[in-house]
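See below for the structure under consideration.
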Amino acid sequence: MIEKKRLLKVYEKLTRAFGPQKWWPADTAFEVILGAILTQSTSWQNVERAIANLKNSKSLSFEKLLKMKTHRLAQLIKPAGYYNVKAQRLKNFISFMEKNYSGDLNRMKKQDTSILRRQLLSVCGIGPETADSILLYAFQKPVFVVDAYTRRIFSRHGYVKEGIDYEALQRFFTRVLPAQGRLFNEYHALLVRLGKEFCKKTKMKCQACPLGKEAGRSFFRNN
């Protein structure tokens, strides 16, 4: 299938250019989940500072966050921005985890992917990108994460419309690529790297793009 070959060609070029991304940078699945919620509307550097505060205060655990007052949590995660909102979102997830899985991440991981995704989306403050990041990076589920970088790169290359919705863009990848968590993990991380360094919102670096001569024109338009 030509779509599959071309999608894998992009993946191979980015892998050669950037090497393994080893994303998500975290020590535990629980840390991945907190990071996925904290990274909404902020840079990863700010998330790292917030996570460091939680670690330094010995609060990076389900049990500690369950008992912690929301206002105290907000102060610890202040570097991540929107700290009052994000503190409540973290508490919402902790409450969900306690109610549905007794705080056990292993039980969550064993849950059917589609069921767990629906459950996560029911938590106030968790949208599709955050839910899928949790599924992929914390639990190694074969779910492709879509973000602004993904949409920007593939719409600029003419394969998808600029205003394509989340679910449609996700299907674009999952309908042709092998359902492998490791592949989806690396592919998404590589696209983020490309978007940050070359396919920027403005001041694009098309001539130096690792995708080579395909960059800056409708690489996929003939499909």
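The values are calculated or read from the model by the stated rules, or taken from the named source; none is laboratory data. Here the structure is a predicted model, which means the values were calculated and not measured. Please note: Cβ atoms are built from the backbone with ideal geometry, for glycine as well, and neighbour counts cover all protein chains shown.
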- Task: Tell me which residues, restricted to the stretch 162-216, are touching a Pro at 6+ places or on another chain (Cβ under 9 Å), outside any helix (DSSP H, G or I) and buried (at least 16 other Cβ atoms within 10 Å of the Cβ).
- Result: PHE198
- From the options LYS9, LYS58, LYS78, residue that is in contact (Cβ under 8 Å) with a residue 12 or more places away in the chain and basic (Lys, Arg): LYS78
- Note on the structure: The correct count of residues that are within 20 Å of the chain's Cα centre (by Cα), closer than 23 Å to ILE77 by Cβ and surrounded by fewer than 18 Cβ atoms within 10 Å (Cβ to Cβ) in the stretch 102-120 is 1
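Of everything in the stretch 128-150, what is of a type in the set (A, V, I, L, M, F, W, C) and outside any helix (DSSP H, G or I)? Give them in sequence order.
PHE139, VAL143, PHE144, VAL145, VAL146
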- Message: Would you confirm, using the coordinates I've provided, whether GLN45 is farther than 22 Å from GLN88 by Cβ and assigned by TED's automatic domain parsing to the domain that holds PHE96?
- Response: yes
- Message: I need the helices (runs of 4 or more DSSP H) fully contained in the stretch 18-126, keeping only those with at least 1 residues that are under 29 Å from TYR187 (Cα atoms).
- Response: 29-38, 44-56, 83-101, 105-110, 113-121
- Task: Please list, ordered by first then second residue, the pairs with beta carbon atoms under 8 Å, 6 or more apart or interchain, first in the stretch 119-132 and under 15 Å from LEU169 (Cα atoms) and assigned by TED's automatic domain parsing to the domain that holds GLU98, second buried (at least 18 other Cβ atoms within 10 Å of the Cβ) and hydrophobic (A, V, I, L, M, F, W, C).
- Result: PRO128/VAL146; GLU129/VAL145; GLU129/VAL146; ASP132/VAL143; ASP132/PHE144; ASP132/VAL145; ASP132/VAL146
- Please list, ordered by first then second residue, the pairs with beta carbon atoms under 8 Å, 6 or more apart or interchain, first in the stretch 99-114 and β-branched (Val, Ile, Thr), second assigned to a helix (DSSP H, G or I) and surrounded by 16 or more Cβ atoms within 10 Å (Cβ to Cβ). THR113/LEU135
- Single match in LYS86, LYS55, LYS99 (criterion: among the charged types (D, E, K, R) and buried (at least 17 other Cβ atoms within 10 Å of the Cβ)): LYS86
- Message: Residue under question is VAL146, and the condition is that it be touching a residue at least 12 places away in the same chain (Cβ under 8 Å) and over 17 Å from the mean Cα position of the chain (by Cα); does it hold?
- Response: no
- Message: Of the residues LEU8, LEU14, only one is over 19 Å from the mean Cα position of the chain (by Cα) and either among the hydrophobic types (A, V, I, L, M, F, W, C) or part of a loop (DSSP other than H, G, I, E, B) (or both); which?
- Response: LEU8
